[in-house]
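Q: Mind having a look at this structure? Questions to follow.
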Amino acid sequence: MSDPKSFRFAILALALGAFAIGTSEFAAMGLLPWYASDLGVTEPEAGHVVSVYALGVVVGAPITTILGARLPRRRYLAALIAIYGAMNLLAAVLPGYSSLVGARFLAGLPHGGFLGAAMLFAADALPKEQRARGVTQVMLGLMVANIIGVPLAGLLGQGLGWRWGFALPGVVALIAAVVILRFAPRGVAPPDVQPMQELHALVDPSVILMLLVGAIGTGGVFSVYAFLSAAMLATTTPPVWGVALALAMFGVGGTFGSIFSARLTIRLGVFRAAFLLMLFMAATQGFSALCVGNWWMMILSSLVLGLGTGLVVPLQTRLMDVAGQAQSMAAAMNHAAFNMANALGPWLAGIALTAGFGWWATGVVGMALTLTGMAVLFIAWLQSRGQGIDDLPGVRTLD
């Protein structure tokens, strides 16, 4: 992109789209007690609103990647984020629990395709040695969403009604679509792209195993975070700003966790970094279980819980190494895997809550999921040994 000003606005638009996605995804968890009460359903039932969005991401990521493989990037990205905005506005205005569930599923469909394409688009707009900077700038939108967007949506939801928490990211997404159309370059996808080739990533054992690590291992984070607001309100009497602060602390933790995990991955390698991060995640989930009943400690637990979300860095790094020509599919499916975790964690935690276990059970469920993900990570490492990859603590390099 020759015009630096246009480039800055284009990257800002992509980051704004990521901001809308991050705000909507995590605000649905923070607003759970309010729409559960308003719609007359239990908290575990309301957790299905979170899970069905994640399933929409899982379904939509491969479909949108294949359909958009030959489309001009600018229009493809603008269309995806515009659809995302429209579905969030539908969630904000349609009446009834079933309508909310349906709208959230539809909102999830463009999630993975947009973020995956946006990261690659930003990287390709820069010289090769600066590609990481473009990716980081887009991902900054997700980080800022958890620090500012989610707490703001939570405050709007508490003060004006939970529907405003979905309307906010809906409007932001539509603004992002307009700015993308205005400032993004008019390049087209490479002519030699074969959409069906993207499916090859889904049958590669190396790719599948790393996606499973994300889908299962990070489910523990979401099993706790999805019910954090409900647990705080049910077991403590926090001030009005208490829940918003807890949500913001999760975002702060996620930001620093991403920075730290990037450095850890560079220093130790993919598998070692992932192994240590998952050990830390299991510890934070156990800590969350112990903090139930003390709102100050629950805010602290939200901060350390967010630190564990940096696992996405070593997993994405490994996927880039093994995906070959299917980079778009791998990037989209990585987001799908984390949203599968977003569905799996709250679903299993909801079962535990429905069975009569206390709010502390969400942390125990989280630990079980993280430890299971570590087992899958070990299998992935064994599978990688033939490729000359060193990466579990105490294991000598193989090359």
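Q: Just want to confirm a number: the relative contact order over segment 1-189, from Cα pairs under 8 angstrom separated by 6+ residues, in percent. Show your work: numbers first, answer last.
A: Details: 309 pairs, mean separation 81.0, N = 189.
Taking the mean separation of contacting Cα pairs over the length of segment 1-189, I get 43 percent.
Q: Whole-Hz Karplus ³J(HN,Hα) for segment 332-345, in order, using 6.51 cos²θ - 1.76 cosθ + 1.60 and θ = phi - 60°, x for Gly and Pro?
A: 5, 6, 5, 5, 5, 4, 5, 7, 5, 4, 5, 8, 5, x
Q: Take the solvent-accessible surface of the protein heavy atoms, probe 1.4 Å, and return the percent of it on the chain that carbon and sulfur atoms account for.
A: Whole-percent figure for carbon plus sulfur exposure: 70.
Q: Okay, moving on. With no solvent and one point on each alpha carbon, what is the Debye value of log10 I(q)/I(0) for segment 1-189 at q = 0.16 Å⁻¹?
A: Each listed q corresponds, in turn, to -0.90.
Q: If you don't mind, there's one more thing I want to ask. Eigenvalues of the Cα gyration tensor times 5, then square-rooted: what semi-axes does that give for the chain, in whole angstrom, largest first?
A: 31, 27, 18
Q: Let me understand segment 231-384 better: what is its radius of gyration from the alpha carbons, and its Dmax, in angstrom?
A: Radius of gyration, then largest Cα-Cα span, for segment 231-384: 16.5, 53 Å.
Q: Related question: Can you tell me which of 341-352, 137-148 comes out highest on packing, and rank the rest after it, using the mean Cβ neighbours within 10 Å? Could the numbers behind the result be given before it?
A: Working: 341-352: 24.6, 137-148: 21.9.
Sorting 341-352, 137-148 by mean packing, highest first, produces 341-352, 137-148.
The values are calculated or read from the model by the stated rules, or taken from the named source; none is laboratory data. This structure is a prediction, so every number in the text was calculated from the model and none was measured. Because the Cβ atoms are built from the backbone with ideal geometry, glycine has one as well, and the counts that use them run over all protein chains shown. Ligands, DNA and RNA are stripped out before the accessible areas are found, and what is left, the full protein with its side chains, is counted by its heavy atoms. Shrake-Rupley method; radii C 1.70, N 1.55, O 1.52, S 1.80 Å.
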